[in-house]
Amino acid sequence: MRSNVPQLTLLAGLAASGLVLSRLPTAAADDVKAIAIVKNADGKFVFTDTNAKIKEGQSVKWVAVDSGVTHQLVPDSEGDALTDTGAFDSTSSPNQKFATPGTIHYHCAIHPKSMRGTINVAATDAPAEEAKSEPKAQAEQPVEEAPAPKKRKAKPSYGYGY
Ligand SMILES: [Cu+2]
């Protein structure tokens, strides 16, 4: 009986380390949405995603690409659930977690005309167990193949693809 104990401990240790290693990168990618701050064609600073969509409990991280430029993200009004980031530049990336569903409007206090954005925080109405197996992501892809089978363009019934 004694010999079983070390083996079980070893297995448990391997399993635990395997879980940790496989989960960390996934969790980081899923739970934090990065929005970059870049210069557009007119030389104005803008967010790469002005209408970000996340789920409650996820975070947004802002990454200023150009060095030596200060930004400060603030909510448009008191009703917008974003906390003033304070001044930051490319050397640091503010990160905020959004725990409550809703729509948040915000802007950069230093570049208020060009740097405006919205964050849509969706409720995760499904229980955590169902969230693990999401088949919907794949269901959208086959649509591309649907209009292809027949080359008749005249039929209006096939016209939805255009
Ligand atoms: Cu700015």
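Data table
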| item | result |
| --- | --- |
| Stokes-Einstein D in µm²/s, Kirkwood radius over Cα pairs - region 31-140 at 25 °C with 0.890 mPa s viscosity | 165 |
| Among beta bridges that DSSP assigns inside region 31-140, antiparallel share in %, nearest 5 | 60 |
| Length released on extending from S114 to T48, taking residue separation times 0.36 nm less the Cα-Cα span | 22.6 nm |
| Net charge of Cβ neighbours under 10 Å - reference N120; Lys, Arg +1; Asp, Glu -1 | +2 |
| Cβ-Cβ FRET estimate between S90 and E56, R0 fixed at 41 Å, reported to 0.05 | 0.90 |
| Extension reserve of the K97-S77 stretch, reckoned as 0.36 nm per residue once the Cα distance is removed | 5.4 nm |
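None of the figures in this text is laboratory data; all of them are computed from the coordinates on show. Keep in mind the model is a prediction, meaning the values are calculated, not measured. Neighbour counts run over all protein chains shown; Cβ positions are idealised from the backbone, glycine included.
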